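Here's the structure, in structure tokens; my notes come after.
The values are calculated or read from the model by the stated rules, or taken from the named source; none is laboratory data. In this text, all values refer to a predicted model and were calculated from it rather than measured experimentally. Here the Cβ is made from the backbone with ideal geometry for all residues, glycine too, and neighbour counts use every protein chain on show. When the accessible area is computed, the model is the full protein with side chains, heavy atoms only, and any ligands, DNA or RNA have been set aside. Shrake-Rupley method; radii C 1.70, N 1.55, O 1.52, S 1.80 Å.
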2 protein chains.
Amino acid sequence: MRSDDHSATIDVPHVESKAVIKGKASLLPAAAAVAARPVGGWKKGVAIFDFVFRVSAMVAAVAAAAAMGTSDQTLPFFTQFFQFEASYDDLPTFQFFVIAMAIVASYVLLSLPLSIVTIVRRFAAGPRILLLFLDTVALTLTTAAGASGAAIVYLAHNGNQSTNWLAICQQFGDFCQKVSGAVVGSFIAAVLILFLVALSAMALRRV
Amino acid sequence: MRSDDHSATIDVPHVESKAVIKGKASLLPAAAAVAARPVGGWKKGVAIFDFVFRVSAMVAAVAAAAAMGTSDQTLPFFTQFFQFEASYDDLPTFQFFVIAMAIVASYVLLSLPLSIVTIVRRFAAGPRILLLFLDTVALTLTTAAGASGAAIVYLAHNGNQSTNWLAICQQFGDFCQKVSGAVVGSFIAAVLILFLVALSAMALRRV
């Protein structure tokens, strides 16, 4: 129990004595109440921002996974033997991208209840540390998916002369656009999760 | 000032009254002193681990940047017009890798003094939150470098039939080995920085 929680009930004798035993009794309850109000409001604001950012990150991750997963283009001409088709599962990196973004989106969805807990119980440090650590792992996964996807997309757009890898975007323009959009979505999700980590760190501060 | 800091001087009147004004006076100084000792030791241990992990991460980042930066292979045969040579600066992703790992290594080096501050002043929340946030950004950069490098290294090793990108590692075996080593180094650095973030989160806990 914190000193600002019982400042309103400081006149009830047994609450006072319990607080004294914990060694945190406020002997100036009025001053403590004045100081406690902005602290609590600030923490609650952080927790609500946390929830909003979390929902946005989930939307961005789902959009990125969906855009990549539905990227598929068939060229309108074909030879006797095969048709020219590009799909995300031609490239292992893009498969990893879809799986990673799906995992991140699921995690963020599952973390929403925990985020609500931090809104309701705004002084609980346990859920916040858990969220901070899991958010960092999710950030790593999102960044890995986005960066590896970006490396391949760059190659698809520009090719590489030294290694003789040709740009495929000249043929598969629509495919490349969709894939690039997915990569942008994953970077938006990464930035939002980075904000989440920063918010958790701020909220953990002992004020 | 925390309640356990002035528990030894609780009998000096003006210190007592100053603490009372701040609303955190411990009325059971002996109990507070007993409780404070293990907490402090635990926090100091975390801070020392933080320093050790930080030095290891710096070594890993420097090794990754150096391995990538010195990767260069010239094949022992050549045509009339050009010699076959592979170097990290043939691929923009590998250039980004070197720059990113150099930035991470510099940041970790510059963060060492701040880490020492957290060993000495183990209850200071400010330096820890700053370190936590900057570590998260460094983690993102390391992961991005490692993941994009891994995507290109995978392509160099295995090629891709759908896009007609051929595996270059059959010709440039030594180059590929060195580049793969650099990517592994960056992942080791990323794991160490992830540990740093977890340690900072644990240390921020209000005990």
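The table for this structure:
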read-out: Nm distances between copies for residue B:103, ranked from closest, using label points 7 Å along Cα→Cβ; value: 2.5
read-out: Using θ = phi - 60° and Karplus 6.51 cos²θ - 1.76 cosθ + 1.60, couplings along segment A:41-58 (whole Hz; Gly, Pro as x); value: x, 4, 5, 5, x, 4, 5, 6, 4, 3, 5, 5, 4, 5, 4, 4, 4, 5
read-out: Carbon and sulfur %, accessible surface of segment B:44-203 computed with the full protein complex present, 1.4 Å; value: 70 percent
read-out: Label point 7 Å beyond Cα along the C-beta direction, distances from residue A:126 to other copies (nm, shortest first); value: 3.2
read-out: In Å², nearest 10: area of residue B:141 left accessible to a 1.4 Å probe; value: 50 Å²
read-out: Part-to-part distance (alpha-carbon centres) for segment A:162-205 and segment B:108-152, which is given in Å; value: 22 Å
read-out: Solvent-accessible area of residue B:178 with every protein chain in place, 1.4 Å probe, in Å² to the nearest 10; value: 80 Å²
read-out: Solvent exposure, largest accessible area first (probe 1.4 Å, DNA, RNA and ligands not counted), of A:188, B:119; value: A:188, B:119
read-out: Using θ = phi - 60° and Karplus 6.51 cos²θ - 1.76 cosθ + 1.60, couplings along segment A:175-192 (whole Hz; Gly, Pro as x); value: 4, 5, 4, 5, 5, 4, x, 4, 5, 4, x, 5, 6, 4, 4, 5, 5, 5
read-out: Two-site label geometry, residue B:171 and residue A:99: point separation in nm, points 7 Å out along Cα→Cβ; value: 3.1 nm
read-out: Accessible area per residue, Å², segment B:44-203 with all protein chains present, probe 1.4 Å; value: 45 Å²
read-out: Ranking by accessible area, most exposed first, for B:42, A:165 with a 1.4 Å probe; value: B:42, A:165
read-out: Accessible area buried, both sides summed, chains A and B with 1.4 Å probe, Å²; value: 4000 Å²
read-out: Relative contact order %, segment A:58-199, counting alpha carbon pairs below 8 Å whose residues are six or more apart; value: 34 percent
read-out: HN-Hα J in Hz across segment A:89-106 - Karplus 6.51, -1.76, 1.60, θ = phi - 60°, x for Gly and Pro; value: 7, 6, 10, x, 4, 6, 4, 4, 4, 4, 5, 4, 5, 5, 5, 4, 4, 5
